[in-house]
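> Mind having a look at this structure? Questions to follow.
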């Protein structure tokens with residue numbers, strides 16, 4: 001038989017998960033959707049480019065490139081607030097991040113699920 005104290009502690013831990021997620025993932029305001037895997041945002045009072053980490057979408061000149069950008073635009077419209085789980089910077093000094101939109105959707109995962117991007121890992 002499980003003690004009630006453990007159940008209460010587990011429920012409290014689960015209830016606090018969204019709070020810790022919000023603390024670890026700072027907010028940014030979307031200024032522009034550049035292409036299928038890059039956003040321009042206002043982050044900590046300055047303009048930054050954010051490259052969606054772990055994926056590569058086709059360029060706008062390639063097949064499905066505009067479709068990828070359009071989905072990213074629907075998921076993260078200009079003026080909306082996104083949360084960034086930052087993993088570093090790339091060689092172009094863009095923030096690398098997993099992006100969550102206002103509805104909590106993992107935007108990176110969604111682009112992969114819709115086959116509008118492929119998994120990508122740049123070797124160090």
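> Gain in length, residue 80 to residue 92, computed as 0.36 nm per residue apart minus the alpha-carbon separation, to one decimal in nm?
Contour length minus Cα-Cα distance gives 1.9 nm.
> Cα gyration tensor of segment 19-90, axes a ≥ b ≥ c as square roots of the eigenvalues: rounded (a/c below 1.5), prolate (a/b > b/c) or oblate? It would help to have the intermediate numbers written out before the result.
Working: a/c = 1.99, a/b = 1.71, b/c = 1.16.
Since a/c reaches 1.5 and a/b is larger than b/c, the shape of segment 19-90 is classed as prolate.
> What order do you get for 33, 99, 118 when you list them from fewest to most C-beta neighbours inside 10 Å?
118, 33, 99
> Sort segment 62-124 into rounded, prolate or oblate with this rule: let a ≥ b ≥ c be the square roots of the eigenvalues of the Cα gyration tensor; rounded if a/c is under 1.5, and if a/c is not under 1.5, prolate when a/b is larger than b/c, oblate otherwise.
Numbers: a/c = 1.69, a/b = 1.12, b/c = 1.51.
It comes out oblate by the Cα gyration axes.
> By how many nm would the segment from residue 32 to residue 103 lengthen if fully extended, with 0.36 nm per residue of separation less the alpha-carbon distance?
Result: 23.7 nm gained on full extension.
> If R0 is 41 Å, what FRET efficiency do you get for residue 44 and residue 120 from their C-beta distance, rounded to 0.05? Mind showing how you got there, number by number?
On the way: r = 26 Å, r/R0 = 0.64.
Computed FRET efficiency for residue 44 and residue 120 comes out at 0.95.
Values quoted throughout were computed directly from the atomic coordinates according to the rules given, and no laboratory measurement underlies them. Note that the structure is a prediction, hence the values are computed from the model and not measured. Glycine gets a Cβ as well: all are built from the backbone with ideal geometry, and neighbour counts include every protein chain shown.
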